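Peer 1: Before I ask anything, here is the structure I am working with.
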Amino acid sequence: MNRGYGQGKRQREDEKARKQKEKDRRRMERREMGPGEIPVQSAAELQEASPSIEDIMRSLERGGSGEDRSANAVPARLFVGGLSDEVTEDDLAQVFGQFGRIADCIVMRDRDSRAPRGFGFVTMADRKDAPRAIAGLDGTDLKGRTLVVNVATERGR
């Protein structure tokens, strides 16, 4: 009976030893090279790259309004129920667009028949616009049906 190493075990041990030698060689090369150089910038170079104090103060005075608002916006997804069969995504985008920017809207359809299921979802680009859209559209009429609008919740599957 052979109690020695099998061929596979020998190969694995040889490969492990080879990798360790390679790792040690790379470590020694890095030690010989010494520490890398850190780039140093002058005060003038730093001042050119950064905004002025006046620019910073103006942006703070503006707060979250204007162009900076879209960069910080957090979207909100709304459930829209009570849709008639004639309502399309374009209709939803037009109606909800009165209350803010729309990131996405969809009318849910049956998988097989592709017929509208009577509800959909609208994603407002800014969460701050969602309460105004809910207050303004919940209970209103769209193409002969009363809308139900509220914040969408995740459905457990």
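Peer 1: I'm spelling it out carefully: the read-out is Cα extents along the principal axes in Å, the candidates are (i) 63, 36, 28; (ii) 84, 71, 22; (iii) 98, 35, 21, and one was derived from this structure. Which label?
Peer 2: (ii)
Peer 1: What's the angle, to the nearest 10 degrees (0 to 90), between helix 7-33's Cα axis and the longest principal axis of the chain?
Peer 2: 90
Peer 1: Taking amide hydrogens as modeled 1.01 Å from N in the peptide plane, which residues meet the under 5 Å criterion relative to R101, leaving out close sequence neighbours?
Peer 2: A125, D126
Peer 1: Collect residues whose amide H, placed 1.01 Å from N in the peptide plane, falls under 5 Å from the amide H of R117; neighbours closer than 5 in sequence don't count.
Peer 2: Result for R117 returns M108, R109, D110.
Peer 1: When you count, for each residue, the other Cβ atoms within 10 Å and take the mean per peptide, how do 105-118, 17-30, 122-135 rank with the highest first? Don't skip to the answer; put the middle values down first.
Peer 2: On the way: 105-118: 12.1, 17-30: 10.0, 122-135: 18.4.
Sorting 105-118, 17-30, 122-135 by mean packing, highest first, produces 122-135, 105-118, 17-30.
Peer 1: Can you list the residues, at least 5 places off or on another chain, whose amide H is less than 5 Å from the amide H of V148, using H built in the peptide plane?
Peer 2: Under 5 Å from the amide H of V148 lie the amide H atoms of G81, G82, G139, each far enough along the sequence or on another chain.
Peer 1: Here's something else I'd like to know. Tell me which lysines have Cα within less than 23 Å of K21's Cα, excluding those fewer than 8 residues away on the same chain?
Peer 2: Here the lysines satisfying the reach criterion relative to K21 are K9.
Peer 1: Compare the Cα positions of F96, L83, M108 along the charge dipole of the range 79-157 (+1 at Cβ of Lys, Arg; -1 at Cβ of Asp, Glu; about the Cα centre) and return the one farthest towards the positive end.
Peer 2: The listed residue farthest towards the positive side: M108.
Peer 1: Pairs of Cα atoms under 8 Å, at least six residues apart: use those to get the relative contact order of the chain, whole percent.
Peer 2: 22
Values in this text are rule-based calculations from the coordinates and carry no lab data. Source: prediction; values computed, not measured. Please note: Cβ atoms are built from the backbone with ideal geometry, for glycine as well, and neighbour counts cover all protein chains shown.
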